[in-house]
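What follows is one structure encoded as structure tokens, with my remarks underneath.
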Amino acid sequence: MSERFLLVKQSQPLQGFVEVTGAKNAVLVIIASLLLAEGKSTLYNVPNSADVRCFIALMMELGALVHFDIKQKILTIDTSTVNKIEVSPEIMNMMRASILVMGPLLARFGKARVALPGGCLIGARPINYHLQGFRRLNILLEENQPYLFASTNTSTSAPQHERIALEYPSVGATENLLMYATLKPGETVIVNAAIEPEVLDLIDILKKMGASISCEPGQVIRIVGVNHLKPVEHTIIPDRLEAGGLLLAACVTKGSVHLPNARADHMDIFLEKLREMGHEVYTGTNPTPTHPLQGVSLTACQNPRGINIKTGPYPGFPTDLQAPIMTAMALSKDVSTVEETVFENRLMHVKELTKLGAQITVEGQKATIRGVEKFYGTELIATDIRASCGLVLAGLVASGETKIGNIHHWERGYDKLEEKLRFMGAQISLINPDDEPTRQIEESLLSKRVA
Ligand code: EPZ
């Protein structure tokens, strides 16, 4: 079967009023957390992305009953039927986030057998911080490649009070340890914890379930174990990463966009950087605890300035928006720099952007981008979820047409984002060469737009 690909053509300035879908990096861990609360929970605003479908497959492999109303974006999961504690290598290798069932399985069943997650293109992505934390929580770990078997040490039943200091504020390690601690007797304190909006959304649903969790100054999370958590209903936060991609699509095509439900308070530094480039960015007014800062509007400037960004843990500049904003930098009139500090190999999209005519040099983890006037369409390969977004943005501006392969990355991270972009005026289609009728419809649609 020949490869599917995204076909992107030079497009007019994008204009749109677009609703942002639920956050992939919140919904995956929140699905895992439902293992802690036996019974039927319901999640709203759930994106229909490949990673979500993969996590649903994982939950069904464990024995959960699942119903996903894709149209309504409502996911109902009954975990009372879960009767397995093993995650297969096939699932683990498809999606690193599968490691996030380890904490909930240990909390509920006292054991878990997970295949060690494969690294991926952006880095080795070990789980040492997860395992160091679990050891501190008296978990026994036995490695029999490709599996890791974890179990609670029943020899000591007295409640323990543990203090875990994470060497790096790892999102996954914070989430895994936090979920386990909700049902562990005693108090657990996580120091140097990750505080990304997706972590806080997990804490929100855990507290609804009945968990005792407090976030304290200095990225400290304090958890006091309880005996039981109950199933709940919860709405997933809007995806700040999809919102960032939509805002940048308006930037690079010199258009404008309004995102009524985007959480501006999850994107402060990113929005500041767009303003520094010269774009007009408006956010909701007068936020209150019950009505957070919602709604972001952007009108692109005609001659964006160069900027410098350095990625880092939240609230720093998000590594997941580094590739998309680099495309905008490459089309500005100045020199910009990007320093990637979160992943050791997350500049591979530079090679793809230079194929379009971008002027970018890389030294270690730092890229220097000299803005150019034009890009020239060509064939590109996506190297990770967020790089695929950066390449799509580049294709919207490149003359002629751009063909982007390895689109499983795009489909893993986004819920038909190409359709949203098309409604904004983008000439973009997901082409399945084996499906001739679709291809002809897409081609005719694209050719009509040219007129
Ligand atoms: C989460 O990954 C996100 N994924 C990533 O989004 C995101 O880029 C990342 O957090 C940082 O914000 C999900 O939430 C599903 P980390 P995670 O643990 O938890 C190293 C996307 O495109 N590390 O904070 O894996 C690690 O290798 C994805 O949506 C260790 O060395 O991120 C990396 O260099 C990409 N040992 C750094 O820390 C560990 O035990 C940050 O990793 C754990 C992590």
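The values are calculated or read from the model by the stated rules, or taken from the named source; none is laboratory data. Worth saying up front: this structure is predicted, and the values here are computed from it rather than measured. Note: ideal-geometry Cβ built from the backbone for every residue, glycine included; neighbour counts use all protein chains shown.
Select, from Glu379, Glu344, Glu411, the only residue that is more than 16 Å from the ligand (Cβ to nearest atom), out of contact with any Phe, Trp or Tyr (no Cβ under 6 Å at 6 or more places or on another chain) and either in the same structural domain as Leu248 (by TED's automatic domain parsing) or touching a residue at least 12 places away in the same chain (Cβ under 8 Å) (or both). Outline the logic, then answer.
Numbers: Glu344 fails: more than 16 Å from the ligand (Cβ to nearest atom); Glu411 fails: more than 16 Å from the ligand (Cβ to nearest atom).
That would be Glu379, the only listed residue that is more than 16 Å from the ligand (Cβ to nearest atom), out of contact with any Phe, Trp or Tyr (no Cβ under 6 Å at 6 or more places or on another chain) and either in the same structural domain as Leu248 (by TED's automatic domain parsing) or touching a residue at least 12 places away in the same chain (Cβ under 8 Å) (or both).
Scan the range 272-283 and report the pairs whose first residue is at positive phi and whose second residue is outside any strand (DSSP E or B) and among the charged types (D, E, K, R), with Cβ atoms within less than 6 Å and a gap of 6+ or a chain change. That search, which allows pairs on different chains as well, returns Gly278/Arg305. Determine whether Pro304 is more than 16 Å from the ligand (Cβ to nearest atom) and part of a loop (DSSP other than H, G, I, E, B). Against the criterion (more than 16 Å from the ligand (Cβ to nearest atom) and part of a loop (DSSP other than H, G, I, E, B)), Pro304 qualifies. Of the residues making up the range 50-79, just one is part of a strand (DSSP E or B) and aromatic (Phe, Trp, Tyr), namely Phe68. Inside the range 218-246, residues that are aliphatic (A, V, I, L, M), part of a loop (DSSP other than H, G, I, E, B) and touching a strand residue (DSSP E or B) at 6+ places or on another chain (Cβ under 9 Å) make up a count of 4. Kindly provide the set of residues from the range 179-217 that are within 16 Å of the ligand (Cβ to nearest atom), assigned to a strand (DSSP E or B) and in contact with a helix residue (DSSP H, G or I) (Cβ under 8 Å, 6 or more places away or on another chain), ordered by number. Once the filter is applied, which keeps residues that are within 16 Å of the ligand (Cβ to nearest atom), assigned to a strand (DSSP E or B) and in contact with a helix residue (DSSP H, G or I) (Cβ under 8 Å, 6 or more places away or on another chain), the range 179-217 yields only Ile190. Residue pairs whose Cβ atoms lie under 8 Å apart, separated by 6 or more positions or on different chains, with the first residue in the range 311-325 and in the same structural domain as Ser170 (by TED's automatic domain parsing) and the second within 7 Å of the ligand (Cβ to nearest atom), do not occur.
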